[in-house]
1. Find how much the distance from ALA193 to ILE17 grows on full extension, using 0.36 nm per residue of separation minus their present alpha carbon separation; answer in nm with one decimal.
2. Using helices alone, I'd like the mean residue ellipticity at 222 nm for the chain: each DSSP H run of four-plus residues gives -39500 (n - 2.57), total over residue count, nearest 500.
3. By how many degrees, 0 to 90 and rounded to 10, does the Cα axis of helix 314-323 deviate from the longest principal axis of the chain?
4. Let me check against my output: what whole-number percent is the relative contact order of region 3-196, with C-alpha pairs under 8 Å and at least 6 apart?
5. List the lysines whose Cα lies under 21 Å from the Cα of LYS239, skipping any in the same chain that are fewer than 8 positions away.
6. With θ set to phi - 60°, apply the Karplus curve 6.51 cos²θ - 1.76 cosθ + 1.60 along region 177-187 and write out the HN-Hα couplings as whole Hz, x wherever there is a Gly or Pro.
7. GNM on the chain, C-alpha springs below 10 Å: top fluctuator among THR195, THR163, THR16?
8. Please state the relative contact order of the chain as a whole percent: Cα pairs under 8 Å, 6+ residues apart?
Amino acid sequence: MIRSVFAATGSYLPETIVRNQDFAAARFFTKEGEAINTAPATIVERFLAITGIAERRYAAPGHCASDLGTLAAQAALASSGIDPETLDYLIVAHNFGDVASGSNRSELVPSLAARIKARLGIQNPNCVAYDLAFGCPGWLEGIVQANYYIRSGDARRCLVVGTETLSRIIDPADRDAMLFSDGSGAVILEASAATGAGILAHHTQTHALDYVDLLNMGPSYAPEQATSPDLFMKMNGRKLYEFALQQVPLVVKTALDKAGVPLTQIKKVLIHQANEKMDVAILERLFKLCGEASPNLALMPMTIGWLGNSSVATIPTLLDLLLKGQLADHALVPGDTVVLASVGAGMSINAVVYQF
């Protein structure tokens, strides 16, 4: 049986570190445009307690999402020695395209995948390059699509990149701006006939009818920007939290059931780094759903504390750091089975069960 295996990983973490205290002078407003008079130090303290985020990374002024994606792809190719001309697909997940520093306008033509393919110097026209907009679960859904190409015999190698510069589309007057960050991760999937290793199962859902507006684009909360045509990323944090807590464990359990793998055999849960408190609650709810005792949180490596939420880039970045031994007290060995899961705008959820 042909399975899709992770042949290589790579990531790019921007060098600019923005700490919570850097928001001490920010002026935050409610969505109604009313000033939030709580002391900035108190806002930051509460934010850290809820999200677990102490700092995040922002892209350099000369870098856009496609630049970060190129650097992550180059890292994956360099670490593996894989010839980029042998890639059959290059799938790039993102949400906002290239957004130049000092702007919040999305640039989507040509596609980011085409730009990255050109920058990698790939001549092969049979390497199909396309973008995937699927909210935060976009990179993982790219993995699902690449797996289908490989399993069908249409492809032997696929490069899947998740890249984002969320710092360019956040509203400085919105407290939620502190959540988001920039970064990129990449994985090369490869066909393998080896027994056991590879993608075992997946499950994806989209709950659009009742939840489509939990994440959307809207005007700035700052009163002086009321007439500006600029739009920024907005979210209903409380309802999103409730949605994720209710629905994500169900999707993960369905993927585990499809794979025939009990939760007790899972060595790591690699979940989208959206909010530490939410991710912990999702893991606890998953264990309860599966009839298991409360989990050991060491099962779930986290990077959100120092990398923030970089949307499609969080899971591939986390995976790359884990496999390269850069996360203290976390490691994987051949035969280990993991779950990768994400939730985001749409609202969409996905989960993949993978054996190393």
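1. Values: separation 176, 0.36 × 176 = 63.36 nm, distance 4.26 nm.
Separation in residues times 0.36 nm, less the Cα-Cα distance, equals 59.1 nm.
2. Values: 9 runs with 106 residues, N = 356.
After summing the helix terms and dividing by the residues of the chain, the value is -9000 deg cm²/dmol.
3. Value to nearest ten degrees: 50.
4. Values: 398 pairs, mean separation 67.0, N = 194.
Across region 3-196, relative contact order equals 35 percent.
5. Qualifying lysines at Cα under 21 Å: LYS31, LYS277.
6. 4, 5, 6, 9, 8, 10, x, 7, x, 9, 9
7. THR195
8. On the way: 852 pairs, mean separation 90.2, N = 356.
Normalised by residue count, the contact order of the chain is 25 percent.
The numbers here are math on the coordinates, done by the rules we state, and not lab data. In this text, all values refer to a predicted model and were calculated from it rather than measured experimentally. Note: ideal-geometry Cβ built from the backbone for every residue, glycine included; neighbour counts use all protein chains shown.
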